[in-house]
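Enquirer: The structure under discussion is supplied below as structure tokens; questions concerning it will follow.
Derivation of every value follows stated rules applied to the coordinates shown; laboratory data play no part. Owing to the predicted nature of the structure, the values given are computational and were not obtained by experimental measurement. For neighbour counting, all protein chains shown are included, and Cβ atoms are generated from backbone atoms with ideal geometry for every residue, glycine included.
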Amino acid sequence: MEITEASIIDDETHTLKIMHKLKAMGIRIAMDDFGTGYSSLSTLQSFPFDKIKIDRSFIQDVHFNEQRAAIVRSTLLLGAALNIPILAEGVEIESELNFLRSEKCNSVQGFFFGKPMNRAQVRQMLSQNLKKTA
């Protein structure tokens, strides 16, 4: 399950209780859009997140923009220190991927790897791949 920090702010106590119940059911929870809006370190400390997803706005042209690069590096270090995996959203070009690899970001997603697909498109892609490997 992915939640944004903004969705927590209205009632942190209630949200924390619900998150603990979800975790007890085996549901993993990711903080989505990290770095935008209300991101605070106390939220990372207080809430049981299994993953942090760096917002795509920090990934776009990260290899050209020193401020974005610094934010991404800091987030990766923070995740490592808190033992929370980091995923970089919005990787669209190879240079962004190369930067993230060089910074030891092990989990990425974005249009560089493929565009969103509906169920029929996924089935067609899998069918074609099965035929290639047969």
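Enquirer: Using a simple spin-label model with points 7 Å from Cα along the Cα→Cβ vector, what separation in nm is obtained for Met117 and Ala81?
Expert: So the label points at Met117 and Ala81 sit 4.0 nm apart.
Enquirer: Take the cross-link list Lys21/Lys51; Lys53/Lys104; Lys21/Lys115; Lys23/Lys104; Lys53/Lys115 and give me the ones stretching past 22 Å between alpha-carbons.
Expert: Long pairs (Cα-Cα over 22 Å): Lys21/Lys115; Lys23/Lys104.
Enquirer: Can you pull the one-decimal nm distance between simple spin-label points at His14 and Thr43, each 7 Å off the Cα toward Cβ?
Expert: With each label placed 7 Å out from Cα toward Cβ, I get 1.8 nm.
Enquirer: Now, a different point. If I model a spin label as a point 7 Å beyond the Cα along the Cα-Cβ vector, how far apart are those points for Ser127 and Arg101 in nm?
Expert: Rounded to a tenth, the inter-label distance reads 3.4 nm.
Enquirer: Return the whole-Å distance between the Cα centroid of the stretch 1-23 and the Cα centroid of the stretch 57-116.
Expert: 25 Å
Enquirer: Another one. Counting other beta carbons within 10 Å of each residue's own, what order do Met25, Met125, Met19 fall into, fewest first?
Expert: Fewest to most other Cβ atoms nearby, the residues stand as Met25, Met125, Met19.
Enquirer: Counting only helical runs of four or more DSSP H residues, what would the 222 nm mean residue ellipticity of the chain come to if each run contributes -39,500 (n - 2.57) and the total is spread over all its residues?
Expert: -14500 deg cm²/dmol
Enquirer: Just flag the trypsin sites (Lys or Arg not before Pro) in the stretch 95-134 sitting in loop per DSSP whose Cβ has no more than 13 other Cβ atoms within 10 Å.
Expert: Taking the stretch 95-134 and a limit of 13 other Cβ atoms within 10 Å, the loop trypsin sites (Lys or Arg not before Pro) found are Lys104.
Enquirer: Would you order Ser42, Ser95 from fewest to most other beta-carbon atoms within 10 Å of each residue's own beta-carbon?
Expert: Ser42, Ser95
Enquirer: In addition: Which loop chymotrypsin sites (Phe, Trp or Tyr not before Pro) in the stretch 1-96, with loop taken from DSSP, have no more than 15 other Cβ atoms within 10 angstrom of their Cβ?
Expert: Tyr38, Phe64
Enquirer: Find the percent of Cα-Cα distances in the chain that exceed 24 Å, and round it to a whole number.
Expert: Tail of the P(r) past 24 Å holds 40 percent of the pairs.
Enquirer: Still on this structure: Restricting to DSSP loop positions (anything but H, G, I, E, B) with no more than 15 other Cβ atoms inside 10 Å of their own Cβ, which trypsin sites (Lys or Arg not before Pro) remain in the stretch 1-98?
Expert: Within the stretch 1-98, the qualifying trypsin sites (Lys or Arg not before Pro) (loop, at most 15 other Cβ atoms within 10 Å) are Arg28.
Enquirer: Sticking with this one: Could you list Thr43, Thr75 so that the one with the fewest beta carbons within 10 Å of its beta carbon is first and the one with the most is last?
Expert: Listed from fewest to most nearby Cβ atoms, that is Thr43, Thr75.
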